[in-house]
Amino acid sequence: MKALVLSEYKKLDLVDMPKPQPGDDDLLIRVQACGICGSDVHGYDGSTGRRLPPIVMGHEAAGIVEAVGGAVEDFRPGEHVTFDSTVFCGRCFYCRRGQVNLCDHREVIGASTPEFRRMGAFAEYVAVPARIAYSLPDDMPFAHAALVEAVSVAVHAMALTPVALDDTVIVVGAGMIGLLTLQAALLAGAGRVYAIDLDDSRLELARNLGATGTFNSSKCDPVAEIRTLTSGRGADAALERVGIAPSVNLTIEAVRKGGMVTLVGNVAPRVEIGLQSVVTRQIPLQGSCASSGEYPACISLISRGAIRVEPLLSAVAPLDEGAAWFRRLYAREPALLKVVLQP
Ligand SMILES: [Zn+2]
Ligand SMILES: [Zn+2]
């Protein structure tokens with residue numbers, strides 16, 4: 001089969017390799033679409049240490065079941081499926097509590113570390129455990145289904161963030177996940193959702209997707225703007241999608257006393273925060289990682305158009321062009337959001 005292999009850092013080669021052999025509990029999936037995730041682009045140059053070459057990346061995928069392992073009962077060849085990026089063990093303390101995203105033995109499809117290597121979906125076929133797969137409506141385009149994973153990250157973060165009807169919510173960072181989060185916040189009952197970013201084209205997209213207002217933090221002081229809009233108090237809740245010190249601190253300052261801050265972005269492994277502001281204003285800070293159990297809801301939200309993914313698709317291109325798209329994403333070409341590759 002054809003596969004796009006990261007042979008060494010910043011070098012992707014389209015190679016011919018053997019089809020994966022599904023184990024007893026696995027599905028062999030003929031990949032129809034696989035999105036390039038920000039974590040793939042960051043892993044591409046070795047900076048995250050989670051894409052040790054050689055590795056076939058790609059964990060945001062959808063396809064058709066080609067074959068099922070001997071112990072698989074719930075899926076049949078021909079079924080359309082997507083899968084979670086997290087491979088959980090199902091046996092540890094966290095898995096047994098239903099927190100599979102926190103599994104002690106968590107592995108990720110299309111990632112490799114010193115502990116594990118899982119070949120991903122930038123290939124004609126991928127094998128994944130059936131327990132992480134979900135069937136799709138037959139009429140859902142595969143390129144849309146490839147975004148279920150990203151939607152699940154946004155929906156999980158919203159599920160952790162208490163929002164009362166008519167609350168004011170801010171989303172800091174209007175990239176892929178931010179634009180999905182703002183839609184999830186509106187669905188969760190927020191009365192007003194404001195998006196903050198440095199890129200005007202993303203902010204325009206945010207308004208098209210329902211943002212009440214947007215602020216470009218290079219052109220104004222978003223904290224002052226949000227306070228003006230909330231009788232001086234600040235937003236009821238905030239979600240941070242960038243993960244660097246200025247945006248984390250902006251988020252903390254833009255919520256009201258007691259307003260929850262949910263952190264998803266983690267570009268910088270360490271950031272300095274205004275501790276006194278957090279303590280004296282009693283701000284709950286919480287992290288949100290991947291998702292646990294939100295896939296069926298996300299598939300439904302996309303298929304009934306409650307969460308719109310089409311406007312976030314920048315390009316759907318053949319797998320052969322994958323290396324060129326990685327270079328463009330790595331060069332941070334403006335206005336590029338999700339690129340989906342099709343083997
Ligand atoms: Zn991802
Ligand atoms: Zn586990």
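The values are calculated or read from the model by the stated rules, or taken from the named source; none is laboratory data. Not measured: the values here are computed from a predicted model. Backbone-built Cβ (ideal geometry, glycine too); neighbour counts: all protein chains shown. Keep in mind that these areas ignore ligands, DNA and RNA; they rest on the heavy atoms of the full protein, side chains included. Shrake-Rupley method; radii C 1.70, N 1.55, O 1.52, S 1.80 Å.
Ignoring ligands and nucleic acids, what accessible area does M158 show with a 1.4 Å probe (Å², nearest 10)?
20
For the residue pair R327 and C92, what label-to-label distance in nm results when each label sits 7 Å from Cα along the Cα-to-beta-carbon direction?
That separation, rounded to one decimal, is 3.9 nm.
Considering the chain as a Gaussian network with a 10 Å cut-off on Cα pairs, which listed residue, T280, T113, T230, attains the greatest mean-square fluctuation?
T280
Could you calculate the contour length gain from A268 to L336, that is, 0.36 nm times the residue separation minus the distance between their Cα atoms, to one decimal place in nm?
Gain in length upon complete extension: 22.3 nm.
So if each residue of separation counts as 0.36 nm, and I subtract the Cα-Cα distance between E8 and D139, what length gain in nm does that give?
Taking E8 through D139 to full extension adds about 43.4 nm, to one decimal.
For segment 153-206 and segment 237-310, what is the centre-to-centre distance using only Cα atoms, to the nearest Å?
With segment 153-206 and segment 237-310 each reduced to a Cα centre, they are spaced 9 Å.
In the chain, if the dipole is taken from +1 on Lys/Arg beta carbons and -1 on Asp/Glu beta carbons about the Cα centre, which of T48, G305, A62 is farthest to the positive end?
T48
Compute the relative contact order of the chain as a whole-number percentage, counting only Cα pairs closer than 8 Å that sit 6 or more residues apart in sequence.
Taking the mean separation of contacting Cα pairs over the length of the chain, I get 17 percent.
For segment 60-131, take the convex hull of the Cα atoms, compute a quarter of its surface area, and give me that in nm², please.
So the Cα hull casts an average projection of 5.4 nm².
Using the beta-carbon distance between H105 and L160 and R0 = 25 Å, what value does 1/(1 + (r/R0)^6) give for FRET efficiency, to the nearest 0.05?
Efficiency computed from Cβ-Cβ geometry: 0.65.
Set the Förster distance to 35 Å, then compute FRET efficiency between L187 and L52 from the Cβ-Cβ distance, nearest 0.05.
0.35
Based on the Kirkwood radius over alpha-carbon pairs, what value in µm²/s does the Stokes-Einstein equation return for the translational diffusion coefficient of segment 105-184 at 10 °C and 1.306 mPa s?
It comes out at roughly 103 µm²/s.
Got a sec? Charge dipole of segment 204-287, +1 on Cβ for Lys and Arg, -1 for Asp and Glu; which of L239, C220, V279 is way out at the positive end?
My answer, from the dipole projection, is V279.
What is the local net charge at S135, summed over the other residues whose Cβ is closer than 10 Å to its Cβ (Lys, Arg +1; Asp, Glu -1)?
Net local charge, S135 excluded: -2.
Kindly provide the GluC sites (Glu not before Pro) of segment 98-181 that DSSP labels as loop, not H, G, I, E or B, and whose Cβ sees at most 10 other Cβ atoms within 10 Å.
Sparse-neighbourhood loop GluC sites (Glu not before Pro): E115.
Taking the Cα centre as origin and putting +1 on Lys and Arg beta-carbons and -1 on Asp and Glu beta-carbons, what dipole magnitude results for segment 96-148, to the nearest 20 debye?
Value, rounded to 20: 320 debye.
How large is the accessible surface per residue of the chain, computed with a 1.4 Å probe and reported in Å² as a whole number?
Computed with neighbouring chains in place, this is 43 Å² per residue.
Okay, helix-only estimate at 222 nm for the chain: each DSSP H run of n ≥ 4 adds -39500 (n - 2.57), divide by all residues, round to 500 deg cm²/dmol; what do you get?
Rounded to the nearest 500, the figure is -7000 deg cm²/dmol.
What size of dipole, in debye to the nearest 20, comes out for the chain about its Cα centre when the only charges are +1 on Lys and Arg C-beta atoms and -1 on Asp and Glu C-beta atoms?
Charge dipole of the chain: 820 debye, to the nearest 20.
With springs only between Cα atoms under 10 Å apart, run a GNM on the chain and tell me which of P114, P141, P296 wobbles the most.
P114
Shape call for segment 169-298 from the C-alpha gyration tensor, a ≥ b ≥ c root eigenvalues: rounded (a/c under 1.5), prolate (a/b greater than b/c) or oblate?
Taking the square roots of the gyration eigenvalues as a ≥ b ≥ c, segment 169-298 is rounded.
So if R0 is 25 Å, what FRET efficiency would Q282 and A224 give, r being the distance between their Cβ atoms, rounded to the nearest 0.05?
0.70
What number does segment 23-90 give for Rg over Rh if you use C-alpha atoms and the Kirkwood radius?
1.04
Going from most exposed to least, what order do E253, E294 have by accessible area with a 1.4 Å probe?
E253, E294
Give the Cα extents of the chain along the principal axes, in whole Å, largest first.
Principal extents (Cα only, largest first): 61, 41, 39 Å.
First select every other residue whose beta carbon is under 11 angstrom from the beta carbon of E60; then total the charges, Lys and Arg +1, Asp and Glu -1.
-2
Which net charge results for the neighbourhood of Y295, defined as the other residues with beta-carbon distances under 10 angstrom from its beta-carbon, given Lys and Arg at +1 and Asp and Glu at -1?
Residues close to Y295 contribute a combined charge of -3.
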